[in-house]
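What follows is a single structure, written as structure tokens, with notes after it.
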Amino acid sequence: MKEEVLHRWLIRMSQGDEEAFNRVYEVTRDDAYRMIYFLTPHKQEAGDILSEVYMELYRNAAKYNPEQPFRPWFTGLIIRQVRSWKRKAWRSFRLLEKMKLLTGGSRQAAAELYPEAAGERLDILPYVESLSQKLKEVIVLRYYHDYSLEQIAQLLHVPVSTAKSRHRLALKKLRGHIIPSGGETREEATYVH
């Protein structure tokens, strides 16, 4: 497809036209998949990263400058998404290894102690559900949607220090459910900023 035609589809896509998005997807999907496949170390993750790329394309379509060629801009978007995916995987690995050291070498115990390291473990879900709404929001945004604490603070319209405090308290409560230690006072257990 020629750049001019693609530009028209992108403009329509940025205005919310679903058909335009489907057309852009059909035209770019194969090239994008091949690039992701070559850039990612775990080939089975290429499909997931491809989905992330197109979600990001949809979010950033309005930011695209039609004066620039589309392909280099789109390639940059793909590279950023692959890097983001790798960073996420590396962070989870580092957290799991850190917790493994703290729990005496058990990978299972480490995964249970730290929700992000556990990935999408369903056995921690009842504990997350037992948290207050304010704490649950922070945990869900941080570990299931991978937002930074600064982004969480913006979404919740609270200071960053409050988001950090809620995050710390939520993790403390989750660890308390998994490994009861009993060392906290009632005031620490119930106060939420």
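Only the coordinates and a few stated rules stand behind these numbers; no lab work does. The model shown is predicted, which means the values in this text are computed figures rather than measured ones. Because the Cβ atoms are built from the backbone with ideal geometry, glycine has one as well, and the counts that use them run over all protein chains shown.
Under the classification rounded if a/c is under 1.5, otherwise prolate if a/b is larger than b/c and oblate if not, where does segment 3-87 fall, given a ≥ b ≥ c as square roots of the Cα gyration tensor eigenvalues? If you can, show how the numbers build up before the last one.
Details: a/c = 1.99, a/b = 1.84, b/c = 1.08.
Cα axes put segment 3-87 in the prolate bin.
Can you give the net charge of the other residues whose Cβ lies under 10 Å from the Cβ of ARG71, counting K and R as +1 and D and E as -1? Intermediate values should be presented prior to the final figure.
Working: positive: none; negative: GLU3, ASP31.
Computed value for this residue: -2.
Can you pick out the pairs among LYS63/LYS164; LYS2/LYS86; LYS43/LYS172; LYS134/LYS172; LYS86/LYS134; LYS88/LYS136 whose Cα atoms lie more than 24 Å from each other?
Details: LYS63/LYS164 31 Å; LYS2/LYS86 32 Å; LYS43/LYS172 36 Å; LYS134/LYS172 14 Å; LYS86/LYS134 30 Å; LYS88/LYS136 21 Å.
As for pairs spanning more than 24 Å Cα to Cα, those are LYS63/LYS164; LYS2/LYS86; LYS43/LYS172; LYS86/LYS134.
Enumerate by residue number the GluC sites (Glu not before Pro) in segment 1-87 meeting two conditions: DSSP loop (anything except H, G, I, E, B), and at most 11 other Cβ atoms within 10 Å of the site's Cβ. Let's see the in-between values first.
On the way: sites: GLU3, GLU4, GLU18, GLU19, GLU26, GLU45, GLU52, GLU56, GLU67; in loops: GLU67.
Answer by residue number: GLU67.
Going through segment 1-57, which trypsin sites (Lys or Arg not before Pro) have at most 10 other Cβ atoms within 10 Å and a DSSP loop state? Don't jump to the answer; show the numbers that get you there.
Working: sites: LYS2, ARG8, ARG12, ARG23, ARG29, ARG34, LYS43; in loops: LYS2.
Sparse-neighbourhood loop trypsin sites (Lys or Arg not before Pro): LYS2.
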